[in-house]
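Undergrad: Structure incoming, see below.
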Amino acid sequence: MDWNQLLNMQNELDRHIESEHGLQDADLVDKKILALLVELGELANETRCFKFWSKKAPSEQEVILEEYVDGIHFILSLGIDIGIRSIDEPEVLEEGDPTEEFLKVYSEVNRFSEERSIENLLALFQQFLQLGRVLGFESEDIFKSYLKKNEVNYQRQQEGY
């Protein structure tokens, strides 16, 4: 997958949002970290992987993918904020337990929050992609869903979201 294309698209979206809301000089990293954590929780809720007390099935895969891509938006945006200009496809495994993978992503978010380095952002990105693979997403699925959600995000900005 060409992550650099998505990185460039995210940069354009971020600049548009900052311009629309007068945030060109604002430090938004803390807000984006919190937003990522919220999106991660929403994603976990849709998978229901941790709800051992419930018999209700997970949401449809398309719904889960949409929530997953929200996380991709914020991770790319955080990367841009700390100076990442290109991303290579990291290696991820095919297996894992969803609950354990969620906890690992939360851990990586916290590590990045404490030390906002490129190394920590890339580790977070790799772990998030690992979670996506465990949830059954291929790069092509993520790419298509990102493009679709990016359009929605622009539309929301035009509508005063």
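Undergrad: For segment 1-86, build the charge dipole from Cβ charges (+1 Lys, Arg; -1 Asp, Glu) around the Cα centre, then report which of I64, L23, L36 sits farthest towards its positive end.
TA: The residue sitting farthest along the positive end of the dipole is I64.
Undergrad: Right, here's the next one. Compute the acute angle (0 to 90°) between the alpha-carbon long axis of helix 29-47 and the principal axis of greatest extent of the alpha-carbon atoms of the chain; round to the nearest 10°.
TA: Approximately 30 degrees, to the nearest ten.
Undergrad: Enter the accessible area of F128 (Å², nearest 10), with the probe set to 1.4 Å and all protein chains included.
TA: Here the residue's solvent-accessible area equals roughly 0 Å².
Undergrad: What per residue convex hull volume, in Å³, do the alpha-carbon atoms of the chain yield? Provide the component values of the computation, followed by the final result.
TA: Details: hull volume 18.4 nm³, N = 161.
It comes to 114 Å³ per residue, whole-number rounded.
Undergrad: If you don't mind, another one. Quick one: ranking E95, E66, E39 by accessible area, 1.4 Å probe, largest first, what do you get?
TA: Numbers: E95 145, E66 90, E39 30 Å².
Heavy-atom accessible area, descending, gives E95, E66, E39.
Undergrad: As an exercise, use a Förster radius of 25 Å and the Cβ-Cβ distance of D81 and K148 to find the FRET efficiency, rounded to the nearest 0.05. Intermediate results must be reported in sequence, preceding the final value.
TA: Working: r = 24 Å, r/R0 = 0.95.
According to the calculation, E is roughly 0.55.
Undergrad: Only Lys, Arg, Asp and Glu count, each charged at its Cβ (+1, +1, -1, -1), so figure out the dipole size of segment 1-90 about its Cα centre, rounded to 20 debye.
TA: 500 debye
Undergrad: While we're on this one: Ordered by packing density, taken as the mean number of other Cβ atoms within 10 Å over each peptide's residues, highest first, how do 30-36, 51-57 rank?
TA: On the way: 30-36: 15.9, 51-57: 7.6.
Answer by packing, highest mean first, reads 30-36, 51-57.
Undergrad: Sticking with this one: So which residue, out of L121, L28, L40, gets the largest mean-square fluctuation from a GNM of the chain using Cα contacts under 10 Å as springs?
TA: Between L121, L28, L40, it is L28 that shows the largest mean-square fluctuation.
Undergrad: At 0.36 nm per residue, and after removing the present C-alpha to C-alpha distance, how many nm does the segment from N45 to D30 gain when stretched out fully?
TA: On the way: separation 15, 0.36 × 15 = 5.40 nm, distance 2.28 nm.
Value of the extension gain: 3.1 nm.
Undergrad: So for each of 9-16, 103-110 I average, over its residues, the number of other beta carbons within 10 Å; can you give me the resulting order with the highest mean first? Working shown, then result.
TA: Working: 9-16: 16.1, 103-110: 18.0.
For the peptides 9-16, 103-110, the packing ranking is 103-110, 9-16.
Undergrad: Counting pairs of alpha carbon atoms under 8 Å apart in space and at least six apart in sequence, what relative contact order in percent does segment 13-161 give? The partial results should precede the final answer.
TA: Working: 116 pairs, mean separation 40.9, N = 149.
It comes to 27 percent, rounded to a whole number.
The values are calculated or read from the model by the stated rules, or taken from the named source; none is laboratory data. Predicted model only: the values in this text are computed from it and were never measured. We place every Cβ from the backbone using ideal geometry, glycine too, and count neighbours over all the protein chains shown. Note: accessible area is taken over every heavy atom of the protein model, side chains too, but ligands, DNA and RNA are not part of it. Shrake-Rupley method; radii C 1.70, N 1.55, O 1.52, S 1.80 Å.
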